[in-house]
Each structure stands twice: as C-alpha cells, then as structure tokens.
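All remarks here apply to the structure that follows.
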Amino acid sequence: MTAVLAVPGIEDNFFTLTLLLQNLTNGLANGAVYALMALTVVMIYKTTGHLNFAQGEMAMFGTFIVYVLTIEQGLNVWLAILLVMVGSMVVGAAFERVLIQPLESRSVLAPVILTLGLFFILNGGAATIWGTQPHTPIPAPFPGRLDDKVDIITNRLPHFFITYKALGVWATVAVLVILLNVMLKRTKLGLAYRAVAANAESSLIVGIPVKRMLMLGWALAAGIGSIAGAIIAQYRNVLDFNFMAAVLLFGFAAACVGGFDSIKGAVVGGLLVGLVETFTPALFTFVGNELSLVMVLLVILIVLYFRPQGLFGSKRVERV
Amino acid sequence: MRTLPLVIERKSTVHRVLQLVGVLAALGFYLYVVGIVENFSAIRWAVAVTLAVAILGLNIVTGYSGQISIGHSAFFGIGAYTTMILIADHGWPFLLTLPVAGALGFVVGAVIGVPALRIRGLYLSLITLGLALAFPAIVKSDNFFGINFASLTGGSNGKVISSGDVTTKRGFHWSPPTWAPDGWTTNDWVFTTIFVIALVLFLLTSNLVRSRVGRGLVAMRDNEIGAAVSGVYPAQYKVLAFATSAFVTAIGGGCFALASTTIGPDTFGLQRSIEFIAGLVIGGVATILGPAIGGGLGEWLPYWAYEVDWPLVGKLEGPQSGILYGLILVVIIFFMPGGIVYGLRQLRSKFIVFVPRLPVPQDISATPAVARTTGAADRPSSESISPPDDATAGVQ
C-alpha cells in the first residue's frame, strides 16, 4: 500500500478504509464502557453534587465477588452479575446513608475526602483478600473467543469485523439507558428523583423523601458500576485490585465532556472519549500508545477551558 | 492554687518559654534521629521529612485555599526526577537542583491550575486525579508528543543516583563535611540536610499563611464572594496558591530523591497522592504541624502495617496498608474533624488557654469550600443536603 498522504506526524495507513473502520468500532466499544462509568458519575452528581472517587473501587470489589461466585462457586456468570448488582445497590445506598449523609452539613470537601478513604479501604481490602497479582478474569458475559465476530469486509486486508463482545457492550449500554430513562421519566420514583435533582428544598416541602432519593442515586450508581466492572474485566481481559482506577478517570472525563448532570451527555461523552483515546495514537505518529491517560487529561482541560458545563450539562458553573 | 485551665497571655514570658520548649522538642527529635536511632532508620526518618514537606505543600492548596488536589504525587515526582536527572546525568550539586525542581513544579502547577481553578467546584480534584494517573505513564513514555521521556527518566526501571568513584567528577556523594562531628554517617548527613531544608520551608510556609496573601487565601476559602469584595482576586489567588503548593511539594520530591537514592515511576502514582491527602487530614488540615505528623505516618504506617501481625488479615504489605490509612481517615473525619493537631489542641485547652485566643483552626470538613449566598446555616436543619445549584445561585 503506497502512502496516500505524506504529512509529517500523520500515520499514513490511518486512512486505509478497513483500519479506519476498525479503529472506529474499537473506539466506540471502549467509549461505551466509559459511558457506563460516566453514568455512575451522573447518577450521583445529579442529586448530591458529589464526585465519588471510590466508584471504580466499588466496581472492582463487585467484580471480584463475581469472580468468587463464578470461578469458585460455579454460578452462571449472568446470575452472578445480577446478584452482585443487587448487592452493590444495597451497599451503595448504605454507604450514602451511613457515611456520606452525616457529612452533608459540613462542606463539599468532607465527602470527597471520605470517598478517598473508601478508595483506600476497598483497594487495600481487595489487595489483602485476593492478592496483588492479576487473576484469571471472570467467565465472559459475552462470547469472547477469537472467532466470535461478525465479518463485514473480508475482500481486502486487514479485514474489518465487529466482535460479539463489542456488540454486547453496546447492547448493555443501550438497555441500561433505556431502563434508566423509563425509570426516570415514567415512574413516580423517577419523578421524585428528578425533582430532588432539580430543587431539593422544594422537593422536601412537597413531601418527597429527599434523603432516600440521595440513597437511590448512590444505589443506581453502584449497580451500574458493578455491571461496568464485570464488562470491563472481560473486555480488557484483566482482573486485579487496581484495574478500575484509570477507567474511573475515563468515566469522569466522559461525564465532564457530556455534562455532569446529563444521561445523554454521559453516553455521548463516553463515546467521544473512547474515540479520542483510540484515534489519537492511531492518527499521530508523535503520540505513543501508552498516552491514552494523557490524551484524556487534555480532553478534560480543553472542555474546562471552552465549555465547562459540558456538551449537554445545564449551565451551573461560574467563573471566578 | 489556681484552677484549670491555666490562662497564659500570648507573648508573655511564660508563653515564650513554652515556645522555647517547642523549639527544643524539634531539636530533640533531630538529635534523637542523628544520635540514637540506628543508621538505617535515620534514612527512613529523612524520607518521612520529605513526605512532610510534600504534605506541607498540599496543605497550602487544600488547607488554606480549600481545594482538593489528588495530583500532588505528580509534583513530588517532578521534583524527584528533576533532582535525580540533574545529579546523575549532569553532575549538578544537590542544593542547586532544588530551585530547578521547585520552579518546574510551579510552572506545571500554574498550567494545570489555570483551567481548573477559574471554575468553581470540584474540577481541580478531577484534573489532578488525571495528573496523578498520567504521571507514571508520561515518565515511562518513549513517545510523548515526540519526546522520549523514557530515555531521560529511565522508564519503568527508574533511576539511581550514581555513586561513582570519589575521584571522578560525575560520581555523587553526600558525605558529611569535614566539620561534622565524629561518627556521622552519610545517612546522618542526609537527614541533617533534609531536616534543615524542611525547617526553612515550614517556617516560610507558616509565615506565608499569616501574611497578606495567606489571609487572603483563608478569607477566600471561607467566603469567596466576601473575599472578592474585599479585593482578593479569587482566580489569581487560587492559581498562585496551587502553583506555590506545587513548588513546595516539588522541593520535597527533590529531597526525596536524595534520601531514597532510587526512584521509579510507580513511586509517584495515585496511591501516593491519596496518602498525602490522608496524611494531611489525619495530621491536621490548615495547621503547620499537621503535615509533619502526616509525613511521619506516610513513612511509618506501611512499616507498622508490615511489622504487626494484624487480626484477621495478618501482615499488610505494600498497597494493602491502604486499609489502615482508609480506616484511620474515616475515623478521623467522623470523630476528630480537624485531625490530630486539632484534637491535641482541644485536649490542651482543658489545661492551658492562651489569650487572646486564635481563631478556631479551620477544619476542612467544617468549612464551606464554596461560598454560599444562601448560607448552609440558613437552611432548615432537617434538610442537610446541598442541591448542586444552590452553591452558585444568584451569582451567575
């Protein structure tokens, strides 16, 4: 294949059609994973205005429990994920009630520090219980063997295909977003949640149990997070006590791009961050593969510079 | 027979004597490490002091300007790598590398701080989280926008201060000078150097927070709009505070390179950052002694975690000691907000009271970091939530 363009700093075969498509699907699949983490950020931020820095570690812990249930106890993987999801939701709500609510009357920094403490406890706890070495990942929720893919372009090299696990991630995000939207827009519970997000004080006056809605936000986040953890463990083929820390940053970045209080924003932001992560090293020769974290940091910086409220967030930020 | 608490006037002779006792305690700690503890522990204490300096830097931004930085491990790392590279590859004398390390930290801090601090909210913690995670990746990277950092920093292998031949210029030795007392080892001399640098930085910081700038920062932390009305430019002050804090932490990092002689990228990851925050909160936010306690904890807690056979879990190694950190942090937040220093002061006030009283040490968890136009106290007590838009209502 001859070089199409000879621009310094640009990878030539980036513009090969099948490679381009492959990068696109990879980026969108990574992005869907980040969208899940961004959703957890949004669910908590909408009502409480907090960032939960322990979110990734909670998901990591949940994934280890899926590991115990499936590998050690022989449960079906989807049943295990369901059990862990329900358990996570209870634990998430309990964390909010026991640890976060007593700090609400203090400052916005106290809950942040507390979630950092939780980060340490969960991270160190997992390292103590399951060791610091990587584990055999959990059984795959989606078919993940090499030939589990849909071939689309095979008459030229490299081939272009979509793996079942990428399709699985997209399907999961789609189902979750639809369920969330139905819950928030069509049920009384969702109405109450949205009311608290819009104005907690007025909600209290009309008799909405505000504190329960804050717990609901944490529960939803923990539930979504546990699904995200299990999916990422398969998608990245990794399971150790640190595997979620970087993913959480991507989730934060996605929420930042999309807007911290928008579900739509979380999904779009996640996909965008995934695309940036995949495309920048593929397009530019001067960006190393290992720099995805740096690219994401740049994305956050640029968003904060030009559109601090994110693409779909409501304008709440103010400059000082 | 006087009744407790004893009332002592500030700047009176008795007060001065008590202050002298404090100075003697610091001196006593120094002599204890240099004279009594075994040689190996002296270097551990030196590392503890460098951690204390790093936390001192963090305190400027978290304690006095009320923003959380999760990225101070990166500034610590920038300082450490700068000193290390200048000494090992360019043969600079150690003390000359510190200003360079500090300046680099300052510049990076300013660049990061400008976008994050112009906007109110938790954005600084978000960006600095990214910084903490990205720093090891940058250090290991061989293609960072075309720059091969790995060849500069030694990549994942880390870097070592080369202690070459005494006769060659390039080898590095931090041996005691000729006027040092007999029996001083290199470790004693390293500790002495770092201890003196730390003392200077602690004094400067303590003066800084009592200066016009420091009072401006505290005013802004406690009520941003009020401070702005009184002539404190929030954005300028915040960025300046953040950059200064990065400066101090980077110098701590430079000292860390001297004390530990070997550094690697993963020494400066997210764990380290959270350790700094935990150390600061446990020691005492917005106090000068808090970082000292936090530094000691940072070096010795992992050691105790490994030495002690804990119930249920046994020995805790490496990242496992995070459990202890986290538990202490949670307990401190709930039961001793303000940290150990504040707790000790409360205890002391049962026996001795200094007049005129200083304002109550600002407990990070009692300070509204966001100035609220509708103050938290004005709201009904049954409602202890902070709706996100409340913080900025009316100030668009």
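Every read-out reported here was derived from the displayed coordinates using simple, explicitly stated rules and does not represent laboratory data. Bear in mind the structure is a predicted one, so any value in this text is a computation, not a measurement. Quick reminder, even Gly has a Cβ in these numbers, built from the backbone with ideal geometry, and neighbours come from all protein chains shown.
I'd like to compare B:182-195, B:279-292, B:298-311: which one has the highest average count of other Cβ atoms within 10 Å, and what's the full order after that?
Per-residue Cβ counts within 10 Å, averaged per peptide and sorted highest first, yield B:279-292, B:182-195, B:298-311.
Per-residue mean of other chain beta-carbon atoms within 10 angstrom of the beta-carbon, peptide B:325-333?
What the average comes to for B:325-333 is 6.
With a/c under 1.5 counting as rounded, go ahead and sort the protein assembly as shown into rounded, prolate or oblate using the C-alpha gyration tensor (a ≥ b ≥ c being the square roots of the eigenvalues; past the cut-off, prolate if a/b is larger than b/c, else oblate).
oblate
Would you calculate the separation in nanometres between label points at A:R145 and B:A25, each defined as 7 Å from the Cα along the Cα-to-beta-carbon direction?
6.9 nm
Per-residue Cβ counts within 10 Å, from other chains only, averaged over A:95-101: what number is that?
Going residue by residue through A:95-101 and averaging, the value is 1.
Do you know the relative contact order of chain B, to the nearest whole percent, from alpha carbon pairs under 8 angstrom that are 6+ apart?
With pairs under 8 Å counted, the relative contact order is 29 percent.
If each DSSP helix of 4+ residues adds -39,500 (n - 2.57) and the sum is divided by the residues in chain B, what number results at 222 nm, nearest 500 deg cm²/dmol?
When only DSSP H runs of four or more count, the value is -19500 deg cm²/dmol.
Classify chain B: rounded, prolate or oblate, from the alpha-carbon gyration tensor (a ≥ b ≥ c, eigenvalue square roots; a/c under 1.5 rounded; otherwise prolate if a/b is larger than b/c)?
Since a/c reaches 1.5 but b/c is at least a/b, the shape of chain B is classed as oblate.
Can you tell me the relative contact order of chain A? Whole percent, Cα pairs under 8 Å, sequence separation 6 or more.
This gives 35 percent for chain A.
Give me the distance in nm between label points sitting 7 Å out from Cα along the Cα-to-Cβ direction at A:T154 and B:F145, one decimal.
The answer from the label model is 4.5 nm.
B:L327 to A:I10: FRET efficiency via 1/(1 + (r/R0)^6), r the Cβ-Cβ distance, R0 41 Å, to the nearest 0.05?
0.20
Could you tell me the center-to-center distance, by alpha carbons, between segment A:173-222 and segment A:77-125 in angstrom?
18 Å
Among B:321-334, B:115-128, how do they line up from the highest to the lowest mean number of other beta-carbon atoms within 10 Å?
B:115-128, B:321-334
In sequence order, what are the phi-derived ³J(HN,Hα) couplings for segment B:334-340 according to the Karplus relation 6.51 cos²θ - 1.76 cosθ + 1.60 with θ = phi - 60°, rounded to whole Hz, with x for glycine and proline?
After applying 6.51 cos²θ - 1.76 cosθ + 1.60, I find 7, 10, 9, x, x, x, 4 Hz.
Taking a point 7 angstrom from the Cα of A:T285 along the C-beta vector, which residues in segment B:144-160 have backbone N less than 16 Å away?
B:144-148
So how do A:182-193, A:133-144, A:293-304 stack up, highest first, on mean other-Cβ count within 10 Å?
Listed from highest to lowest mean packing, they are A:293-304, A:133-144, A:182-193.
Using DSSP H assignments, which helices in chain A have an axial alpha-carbon span of 27 Å or above and a mean Kyte-Doolittle hydropathy of 0.0 or higher?
A:17-48, A:109-130, A:164-186, A:210-236, A:263-283
Step through the residues of segment B:99-111 one at a time and calculate ³J(HN,Hα) from phi using the Karplus curve (6.51 cos²θ - 1.76 cosθ + 1.60, θ = phi - 60°), rounding each to whole Hz and writing x for Gly and Pro.
x, 5, 4, x, 5, 4, x, 4, 5, 4, x, 5, 4
Have a look at A:V268, A:V41, A:V177 and tell me which one the Gaussian network model of chain A (Cα, springs below 10 Å) gives the largest fluctuation.
Result: A:V177 has the largest fluctuation of those listed.
Placing unit charges on C-beta atoms (Lys and Arg positive, Asp and Glu negative, everything else neutral), compute the dipole magnitude of the protein assembly as shown about its Cα centre in debye, rounded to 20.
2000 debye
What nm distance separates the two modelled labels at B:W310 and B:S211, each placed 7 Å from Cα along Cα→Cβ?
4.2 nm
Averaged across B:143-155, how many Cβ atoms of other chains sit within 10 Å of each residue's Cβ atom?
That works out to 3 on average.
Hey, with R₀ at 25 Å, roughly what FRET efficiency would A:I178 and A:V90 work out to, going by the Cβ-Cβ distance, to 0.05?
Taking R0 as 25 Å, the efficiency between A:I178 and A:V90 is 0.60.
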